[in-house]
1. Please specify each residue of the range B:1-26 satisfying the condition of being of a type in the set (Gly, Ala, Ser) and either surrounded by fewer than 16 Cβ atoms within 10 Å (Cβ to Cβ) or more than 19 Å from the chain's Cα centre (by Cα) (or both).
2. For the range B:31-114, which strands (runs of 3 or more DSSP E) that fit wholly inside it have 3 or more residues that are touching a residue at least 24 places away in the same chain (Cβ under 8 Å) and crowded, with 19+ Cβ neighbours inside 10 Å?
3. Is it true that B:Ser199 is buried (at least 18 other Cβ atoms within 10 Å of the Cβ) and polar (S, T, N, Q)?
4. When the residues of the range A:301-338 are filtered to those that are surrounded by 18 or more Cβ atoms within 10 Å (Cβ to Cβ) and not in a helix (DSSP H, G or I), which remaining residue is farthest from the chain's Cα centre (by Cα)?
5. Look at A:Glu93 and say whether it is open to solvent by 20 Å² or more (accessible area, probe 1.4 Å), charged (D, E, K, R) and under 24 Å from A:Tyr149 (Cβ atoms).
6. Could you tell me how many of the residues in the range B:78-91 are more than 7 Å from chain A (Cβ to nearest Cβ) and polar (S, T, N, Q)?
7. Tell me, please, whether a residue that is within 15 Å of the chain's Cα centre (by Cα), at pLDDT 95 or above and within 14 Å of another protein chain (Cβ to nearest Cβ) can be found in the range B:158-174.
Amino acid sequence: MKIKELFTAYTKDSFRQFETVFWAIVFPSLFFIFFVSIFENAFNQENDFNLKAGIYYEKPLTGINKMTFESVFNAEGIPFHFSEYTDKEKGIEDVKKKDIDIFIVFPENFDRLNLKNFDRLNLKFISDKLNVNIDNLEIYTNYTTDSQYAYKIFKSITDEINIAIKNKGELKENFRSEYIGTQEKEFRYRDYLFPSILLMGILTISFFNIPIGMAENIEKGIIKRFSVTPLRGSDFFMGFMLSNLLVVVLSIIVLYFEGYLLKIEPIVYSFKFLSFLFYSIIVCVSFGLLIASFFKKINTAAVFGQIAYQMTIFLSGFYFDTKATPWIIRWYVYFNPVTYMVDGMRNIINGNSVGLQNLIVPAIWLVVSLTVFSFSFKRVMHYEK
Amino acid sequence: MDYTNSIEVHNLKKYYKDTKAVDGISLSIEKGKVTAILGPNGAGKTTTVETLEGLRKADSGEIYYFGEKIKEVDEKIKEKIGVQLQSSTFLSNLTVYETIKTFAGLYKKSLDVDKIIIKFNLEEKKKSKIKNLSGGQQQRVALACAVINDPEIVFLDEPTTGLDPQARRNLWTAIEELKKDGKTVVLTTHYMEEAEYLSDKIYIVDHGKIIAEGKVNELVKTINMKSVINFSVNHKSEIFSEYQKNEDGIFKTETSDIEKTLVEIYEKARKNDLTIENLSIRNPNLEDVFLHLTGRKLRD
């Protein structure tokens, strides 16, 4: 009953503070949207890379030649949009004007490439007899980066075709193929970011709301006032912590809703993921209690909380891979339990299992934090020092 | 259990390193009366009451609550006491109603929140957030929270410090109401006029010790100090040459019989067709008692 009264009071007080609602609930969800819309587009740019290519045939292709190049031009995943020109000069002009990135002219005798296939059938005498010489493809580009990319990409395509033509008929048909190793899921930045944002919301509450709230209760004499009522210290603690946990839960619900709209990997709704998330909440909250054990003043708790928060967030692989950081920083990364929490969540999203280190390192922190807090509990909760 | 003193304290001591915050204080808080603990800042008033409230642990001494000796101020006692701390702060974003209701929920027994709000003239501010209240209004909320459990004893630690005279008067009225309701009130203050106005018994504390105790008039009598009458006349002031006269022309005389001296002054003025002006009478008060006992003023 007393816990309920305090829980209600602290919850109302929290939710009427702009800072709590903004930093713990609104900011992570805004951050998620901003980061996904900015960086996911950046990651997806490769797929949207669309180069404009013009083609001009001095004589239409036929046979295998035609099939080969048509399949290239119509293939999915080729970063070209091909358009056929009937006027060679117009194509050259368009490259100059940068209306297209590359202009490819197939020479009149290019169709003779079909005869090259006879080589592969050991009918070399035929090709020799026919004197299979083919004029070069004419390729026109301009000095733009896209144009240079277009040239390199088209060059690699023609190399592939050359290899294919050379090898034709050499491979035996009775081969066996199999897939080995694990099939990597398609990388999606939103799935990569989602665990970070979840933890960011939780850490905001554990690094700020809990220690600063506790310091405020001490500094403003609120704990002292409650101490002269029949309220037990443990009741106060539960009421205060439950109100903070409610903010955590609401932050997570909002992010999950946002994740649902953004079609996050459905495994985040699995028991496995939710269990690991719950475990992460407990560990993160224990950090807040650890800070509260040492800092009794609002200002010092706020300063330390801010420093610890920034270091924890940026050096845990939240937004970028920290494996390539200098060794001094990497030590902090390894020391930082949030590294293991975010990694554990990503493992689950990628369909892998949570590593032992993902459980043990945070567990060590949990035990240390709770031990320190339980020793200082009386000092934190009671007015008499 | 029958008891006349709600609280009794014997030889209470509380030391902090080299500071003797409370150094052998003994006092009796009579049931249904207002007892004031008066003293300058740092005298040990707050440490004494905070020990009685259970916020601090005494180094030694005995405390009796409701006639029974206690080892610590447990939940049972806390159910029966109400406390207004020296600097009470509540959750600043809660409304007045929510704050009092929260406190009501912390006790097994509590009064009706709406009635308490009316009693302390907080109806208009019922839905206002604590952070938007004036100092006087906040103190009234603190007082409302202190009595929401219908306590037998109410501790008021410097309740009017920092308030303007009007707000102070309003709070005095509220404290008088508590007395009328039969509550035992323990009041600490460094305002001697507050102690004089509200209390039935006063303990004067200095350097952690009680240096005087009793009713206001008893304490004043102990210093055998005379009342002082000041006045001026419109002309012919030489008629009053027997009295001291300062450079502003104000006459001053000390007397232990005010009535007799006033009659003498007015009679003399009437005979000489004079008008007495700016008459003031200053009776000895607790400030004089404190000055007499310590050689210092209460607010030094």
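The values are calculated or read from the model by the stated rules, or taken from the named source; none is laboratory data. Just so it is clear, the model here is predicted, and its values are computed rather than measured. Using ideal geometry, Cβ is built from the backbone for each residue, glycine included, and neighbour counts are taken over all protein chains shown. To get the accessible areas, we keep the full protein, side chains included, count just its heavy atoms, and leave off ligands, DNA and RNA. Shrake-Rupley method; radii C 1.70, N 1.55, O 1.52, S 1.80 Å.
1. B:Ala21, B:Gly24, B:Ser26
2. Numbers: elements: B:34-38, B:60-65, B:68-70, B:81-84.
So the answer is B:34-38, B:81-84.
3. Yes: the conditions hold for B:Ser199.
4. A:Asn336
5. On the way: open to solvent by 20 Å² or more (accessible area, probe 1.4 Å): yes; charged (D, E, K, R): yes; under 24 Å from A:Tyr149 (Cβ atoms): yes.
Considered against the rule, which asks whether it is open to solvent by 20 Å² or more (accessible area, probe 1.4 Å), charged (D, E, K, R) and under 24 Å from A:Tyr149 (Cβ atoms), A:Glu93 comes out as yes.
6. Total satisfying the criteria: 2.
7. no
This table checks each residue for (1) on the phi > 0 side of the Ramachandran plot; (2) modelled with pLDDT of 95 or more; (3) polar (S, T, N, Q).
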| site | (1), (2), (3) |
| --- | --- |
| B:Ile7 | no, yes, no |
| B:His10 | no, yes, no |
| B:Leu38 | no, no, no |
| B:Glu50 | no, no, no |
| B:Leu55 | no, no, no |
| B:Ala58 | no, no, no |
| B:Phe66 | yes, no, no |
| B:Asp74 | no, no, no |
